[in-house]
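The block underneath contains the structure these notes are about, expressed in C-alpha cells.
Coordinate-derived values only; no laboratory data. Predicted, not measured: the structure shown is a model, and the values here were computed from it. FYI the Cβ positions are ideal-geometry reconstructions off the backbone, even for glycines, and counts take in every protein chain you see.
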Amino acid sequence: MLGRWILLFILGITAALMAAPLILTVFTSLKPTTELVNPAWYPPIDMTFEHYVRVWTEGGFSRYFFNTLVISVIDAIVMIFIASMAAYAMVFIDFRGKIFLQILFLIGLMIPVTAIVLPLFQIVRSFGLLNTHLGVILADLALAVSVFVFMFTSYFAGVPKALHEAARIDGATEFQIYRRVVMPIATPAVVTTALLEFLWSWNDLLLRLLLMTRDEMRTLSVGLLNFQGTMTRDVTGLSSGTVIMAIPVVLLFLFFQRHFVRGMTSGAVK
Amino acid sequence: MAGLELKKLSKAYGNVEVLHDINLSIADGEFIVFVGPSGCGKSTLLRMIAGLEEITGGDLMIGGKLSNSLSPKQRNIAMVFQSYALYPQMTVAENMGFSLSLERRPKDEIARKVNEAAEALKLGPYLDRKPGQLSGGQRQRVAIGRAIVRQPQVFLLDEPLSNLDAALRSETRVEISELHQRMATTMIYVTHDQVEAMTMADRIVVLNGGYIEQVGSPMELYNKPASEFVAGFIGSPKMNFVKGRFADAVGAATLGVRPEHFVVGAGDDAWEGKVTLVERLGHDTILYVNVPEAGVLTVSLSGQHDQTVGDTVHLKPKMEFIHKFTNEGRPIAA
C-alpha cells in the first residue's frame, strides 16, 4: 500500500514537471500585458486573446502556419510511401545488394543531422532549391527515411510470409500485394510514421533556418525567433506563438493515440 | 486439370542439397500425398511445384509444359496453406474472390463463383465476416474455397489440417476427399500424419532425408513396404521391429511385425512377455508387452480383452504377414 502511494507521488511529481511549462505558457499567452508583473504561475485574471490575434496577423503566423502545414503534411504522406515501399522490398523481396542497402540505412540512422548540415546546404543550393518548400521537404525525407524504413521493416517482419505467398499464388504482382494485402494491415505503422514525421517536420528549426531565409517561406519554429531579440523578449507573443504551434500536434496525438502506441510497440512484441 | 512430371528435381540451399533427384509422375486428377517426417523435404517439394521455391536442378512439367521458371500465377495452381493465410482485412467473400478480382473479372461473375464455392463448403452465412470472426475449421474452409474459386489445374495443400482439433480434422479430411471426387482435379497434399495419407491418397509418396523412399497406393505401402523406414512410418500403431535371435530365426537382420499380426496365447514356443500398459479403445485393445531380448512390443487385439498390467502373455507372429529386412533396411523377399 505504501509502495503504491510512493509510486503515485513520484508519478504525480513527474506529471507536474512535464505539464508545468505548457500550463505556464498557456497562462502567459492569455494574460494582458499589465498582469505580466505577477508571478508566472498566477492564472490570468482578465483573460485576453489579443496576443494570439497580434501574432497571427502582425507576427506573420498565418503565413508561417500555412508553410509549416504544407511542408509537414507532404513530408508525412511522402514518407509513408517511400519508407513502406523500401521496407516491403527489404522484407518480402530477395534482390542483389539487399545487405548493402540495409547497411546504408543503418548508417543513415547513426549520422546526426548537425554533422552533415553544411554539405546538405550545399547540395540543396546546387539544385537551386534554397528558399523553396521542395528543398526542405527533400532534405527532411532524406534525413528521416532510415528511421521509418526500420520501423516499417520491423512491422512487416511480423506479417506472416504465408500471406505474401498466398497473394503470389492468387496472381498478385508485388505492387498489388503491397497495396492490397500488406498496407491495409499496417495501419499502426502508417499512423505512427505520419505522426512522427509530421511532428519532426513541424518542430524542426535547424533545416528551416538554414534552407529558407526569406520571410515569406518561414515556418512557425523560425517565426518564433522573431519574438526574441538579443536584449528584449516578447514573452506574450512567444507564448501565444508556442501555443499556436503546439495545438495541431496535441490534437493529432489525441486523435491517433491508440494507433500510435500500437505502432510503436508492434515491432517489439512480434 | 493437368498431370505433373517431376524429372530429376533437386533443391539446394548453397552447398546443402535438401532434395535429390526426385522423379515422379502424377496423373491428371490423381490425389497424391507427400508424407514423411519433419525435415524430409515434402513441403519444399510442394513449394517448388507451387513456384514459391526456385528449382535448383531438373525439370518440372505441369500439363506437359516445362514450368521451372513460370510464376505461381502462370502455373495455374492453387494452394491451401497450413496457417490458412487469409487476408485479415478482407471479408470471406473478398478473400475467396481476390484472385478473380486481380484478373479484373466482372463483379457478377466473381460473386457467382464465390457463392458456388461457399455453397459447396457451407460458408454461405459467413461471406460478410472477416477471418478473425471465424473458427479454425471455418477459416480452413475459406482457404479451400479461395483455392476452388480459381478452378486451378492443380491443387496444392500444405498440411491443411494440422491446426485443427482431432474431431474437426477427421471431418475436414472427409470433406477434402469428397471435394476431390467432385472436382476430379489433381491434388497434391502434404502431411506428416500417415493416417491422413492412408485415408485420402490414391498414391502416397514417402519422403525421407530428401529422397523418395517409395511411391504406391496406401495398401501397397502397407503390405509391401520398400524399406524398413516405410514399414515403420506407415501404419498405426507402428510396426514392431525385432532384432537378435527372433530375427535370426527367420533369416533376417530385422524382423518386422505389425501390432495386429500377433496371436496372443499361442503356446509354449511363443514369445513370453509381461504387459506393461493397456490401452482400451473399445473396438481394439492395445497391449504393450515387454519381451526379453525383443523389447517392448505393441500388440493390437481386435475387440475387448481382459489383460491387465503385469500379466504374462505369450505372443506369436502370424508368419504369413511378417516382414524381413536386411541390415541396410531393405526388404528380403518372402
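General observations
- Value at 222 nm in deg cm²/dmol, rounded to 500, when DSSP H runs of n ≥ 4 in chain A each add -39,500 (n - 2.57): -23500 deg cm²/dmol
- Other-chain or far-sequence residues with amide H under 5 Å of residue B:53's (modelled H): B:48
- For chain B, the relative contact order comes to 17 percent (Cα pairs under 8 Å, sequence separation of at least 6).
- The convex hull of the Cα atoms of segment A:58-142, projected and averaged over all directions, covers 7.2 nm².
- Shape call, segment A:1-88: gyration tensor on alpha carbons, a/c limit 1.5: oblate
- Computed magnitude of the charge dipole of chain B (debye, nearest 20; Cβ of K, R +1, Cβ of D, E -1): 1060 debye
- Under the Karplus curve 6.51 cos²θ - 1.76 cosθ + 1.60, θ = phi - 60°, whole-Hz ³J(HN,Hα) for segment A:177-193, x wherever Gly or Pro sits: 5, 4, 6, 9, 10, 7, 4, x, 9, 9, 3, x, 5, 5, 5, 4, 4
- Number of partner chain Cβ atoms within 10 Å, mean per residue of A:157-165: 4
- When you work out D = kT/(6 pi eta Rh) for segment B:238-325 at 4 °C and 1.567 mPa s, using the Kirkwood radius from C-alpha pairs as Rh and the Stokes-Einstein form, the result is 100 µm²/s.
- Simple spin-label estimate for residue B:293 and residue B:68 in nanometres, 7 Å along Cα-Cβ: 5.6 nm
- Placing a label point 7 Å from the Cα of residue B:321 along the Cα-to-Cβ direction, the residues of segment B:248-291 with a backbone N closer than 15 Å are B:256-266, B:284-287.
- Measuring between their Cα centroids, segment B:172-246 and segment B:122-167 lie 24 Å from each other.
- In this structure, the pairs whose alpha-carbon distance is over 32 Å, taken from A:98/B:11; B:42/B:107; B:11/B:122; B:7/B:243; B:11/B:318, are B:42/B:107; B:11/B:122; B:7/B:243; B:11/B:318.
- Debye, to nearest 20: dipole size of segment B:230-320, +1 on Lys, Arg Cβ, -1 on Asp, Glu Cβ: 260 debye
- For residue B:190, the residues whose modelled amide H falls within less than 5 Å of its own, excluding neighbours fewer than 5 places apart on the same chain, are B:34, B:157, B:158, B:159.
- Inter-part distance, segment B:74-120 to segment A:99-152, computed on C-alpha centroids, equals 43 Å.
- Between the listed residues B:285, B:298, A:28, the Cα displaced farthest toward the positive end of the dipole of the protein assembly as shown, a dipole computed from Cβ unit charges relative to the Cα centre, is found at A:28.
- Dipole of the protein assembly as shown, positive direction: furthest Cα of A:146, A:226, A:40, with charges on the beta-carbon: A:226
- Within a straight-line Cα-Cα reach of under 12 Å, residue B:130 can be paired with the following aspartates and glutamates, leaving aside sequence neighbours fewer than 8 residues apart in one chain: B:94.
- Ellipsoid equivalent to chain B - semi-axes via the Cα gyration tensor, in Å: 44, 25, 14
- Hydrodynamic analysis of the protein assembly as shown uses the Kirkwood radius over alpha carbon pairs. Inserted into Stokes-Einstein at 10 °C and 1.306 mPa s, it gives a translational diffusion coefficient of 52 µm²/s.
- Positive end of the dipole of chain B (Cβ unit charges, origin at the Cα centre): among B:326, B:174, B:133, the Cα lying farthest that way belongs to B:133.
- Other protein chain C-beta atoms within 10 Å of residue C-beta, averaged over B:317-330: 0.
- For segment B:18-63 and segment B:275-330, distance of Cα centres in Å: 37 Å
- Residue-wise HN-Hα couplings along segment A:9-19, as the Karplus relation 6.51 cos²θ - 1.76 cosθ + 1.60 with θ = phi - 60° gives them from phi, are 4, 4, 5, x, 4, 4, 4, 5, 4, 5, 7 Hz; Gly and Pro carry x.
- Charge dipole (debye, nearest 20) of chain A; +1 at Cβ of Lys and Arg, -1 at Cβ of Asp and Glu: 600 debye
- Across segment B:12-19, computed HN-Hα scalar couplings (Karplus, 6.51 cos²θ - 1.76 cosθ + 1.60, θ = phi - 60°) run 10, 10, x, 8, 8, 8, 9, 10 Hz from first to last residue, x flagging Gly and Pro.
- Computed over chain A, relative contact order equals 30 percent, with contacts defined as Cα pairs under 8 Å that lie 6+ residues apart.
- Chain B: calculated mean residue ellipticity at 222 nm from DSSP helix runs of at least 4, using -39500 (n - 2.57): -8000 deg cm²/dmol
- Under a 5 Å amide H cut-off, with hydrogens placed 1.01 Å from N, residue B:79 pairs with B:156 among residues at least 5 apart or on other chains.
- Shielding score for B:85-95, defined as the mean number of other chain Cβ atoms within 10 Å: 4
- Charge context of residue A:47, other residues only, Cβ under 14 angstrom, K/R +1, D/E -1: -2
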